[in-house]
1. I want to make sure I understand the PRE zone here: with the label point 7 angstrom from the Cα of B:H192 toward its beta carbon, which residues in the range B:11-44 have backbone N atoms less than 19 Å away?
2. Please report the net charge: other residues with Cβ closer than 12 Å to the Cβ of A:S148, K and R +1, D and E -1.
3. Show me the chymotrypsin sites (Phe, Trp or Tyr not before Pro) within the range B:31-127 that DSSP assigns to loop and that have at most 10 other Cβ atoms within 10 Å of their Cβ.
4. Kirkwood Rh over Cα pairs of the range B:1-67 into Stokes-Einstein at 4 °C, 1.567 mPa s: D in µm²/s?
5. Whenever you get a sec, compute what percent of the accessible area on chain A sits on carbon and sulfur atoms (1.4 Å probe).
6. Could you work out the local net charge near B:I19, counting Lys and Arg as +1, Asp and Glu as -1, over the other residues with Cβ closer than 11 Å to its Cβ?
7. Over the range B:51-108, what percent of the accessible surface lies on carbon and sulfur atoms, probe 1.4 Å?
8. Please report, in cubic angstrom per residue, the volume enclosed by the convex hull of the alpha-carbon atoms of the protein assembly as shown.
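The values are calculated or read from the model by the stated rules, or taken from the named source; none is laboratory data. Bear in mind the structure is a predicted one, so any value in this text is a computation, not a measurement. Cβ coordinates were reconstructed from backbone atoms using ideal geometry, including for glycine residues, and neighbour counts include every protein chain displayed. Accessible surface areas use protein heavy atoms only, side chains included; no ligands, DNA or RNA. Shrake-Rupley method; radii C 1.70, N 1.55, O 1.52, S 1.80 Å.
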Amino acid sequence: MDMVFPKATISEIIGLLEAVNDAGGIEDAARLAADFDLELDEILPSIDGAELLGFVSVNNGNIELTQDARKLLDAGIRERKKIMRDKVAGVHIIKELKEKLMKSQEHRMSKSETLRFLQKRISTSDIESYFRIIINWARHAGLLHYNSDHEEICLMADV
Amino acid sequence: MLVEIRNVSKTYESEATKIQVLDSINFSVEDNDFVCIVGPSGCGKSTLLRIIVGLEKPTSGEVIFKGKNSNPKVAMVFQNFALFPWLSVKENIELVLESLHQQEKEREAIACKYIKAVGLDGFERAYPGELSGGMKQRVGFARALAVEPVLLCMDEPFSSLDALTAQNLKDELLLLWGDPNMPPDAVIMVTHNVEEAVYLANRIIILSQRPGKIIADLRIELERPRNRKDPEFYRWVDKVYSLIV
């Protein structure tokens, strides 16, 4: 099944939430882009990422913060990390990857196997950059570890 | 008084030319000051920061820390992160602790404490090449905080980042700054971005064109958390701009 995954980092997504919060919790996407001197298509991945994680709802070009986003923004760095962990753990492709790792030997998978896994789900000619984004989301959330010396991912011990 | 910059001037000389970049800079920084130094490009603001940190010597004048010439714990955050690409996140931080702590275990514990403080846990063994710009600068913050500095100096720490990431890191910096359990006692940050200075600082020092002289030293009387959409915020931004131009 082909899907779209937002090419945005966790930092960009939280930066977007902060900007919407400054605007009173709801803001027009085009105005938000203009505020940052960006083109609309440059902030779209961050909007999509925020929506995927349940931090905003998007209606007619307006981006509105959810209660979870307000909770995140009111929290300190450690608490933000916990909220993010729960959200990232609920993302479909990351859940699937985690399930596959649970079934793998020693809960490990090579990078090439992971790339094949992602390629089957994401329609792109640049699967490497999606690998980087998805692994960084999962690492940030404390779900996965990536060893670049051995080019393999593994489940974090307490997951 | 934490640090006092006394009559600092700097002139670069070669056989043919003599360029004065700083002219008689005087100011002092107290505990809890978050000072931003702003000014037109080439006004010597980064040179001033390098002199305060001790990376350059002034041509005349001196920098006094708590009444002494000796440099207490001062840490620096760089625009381009300045990480060793062949060392992991944890190793980059442990490296700066080698001269301060003999025991490897102690270095490891301190590195882990500050990796956690900036929300980088999970990336301890990552190499800089695996990290986004925002993550790299978090390593820069963790490395600077790990020496538990009295004074933290930052040279354009957000200008290499995309706009949204920079937004996020500024807020995280303020969360760290607002945490009484975190060093430092004071911050001096150089930036060319006036909005950024008004957002972060409780004091802004404005330098003139080269040779840089102090033309204003303002207390920013805006409550925190600050809102960039607030008209009062914009009045301060306008005020600082009007003094620079």
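1. Answer for the range B:11-44: B:21-22, B:36-44.
2. Working: positive: A:K111, A:R132, A:R139, B:R125; negative: A:D149, A:E151, A:E152, B:E130.
With Lys, Arg at +1 and Asp, Glu at -1, the neighbours total 0.
3. Working: sites: B:F34, B:F65, B:F78, B:F81, B:W86, B:Y114, B:F123; in loops: B:F78, B:F81, B:W86, B:F123.
Listed in order of number, the matching sites are B:W86.
4. Values: Rh = 12.6 Å.
Rounded, D is 103 µm²/s.
5. On the way: 3480 of 7700 Å².
The C+S portion of the solvent-accessible surface of chain A is 45 percent.
6. On the way: positive: B:K10, B:K18, B:R210; negative: B:E13.
Around B:I19, the charge tally is +2.
7. Working: 1780 of 3570 Å².
In the range B:51-108, the share of accessible area belonging to carbon and sulfur is 50 percent.
8. On the way: hull volume 67.2 nm³, N = 404.
Once divided by residue count, the hull of the protein assembly as shown is 166 Å³.
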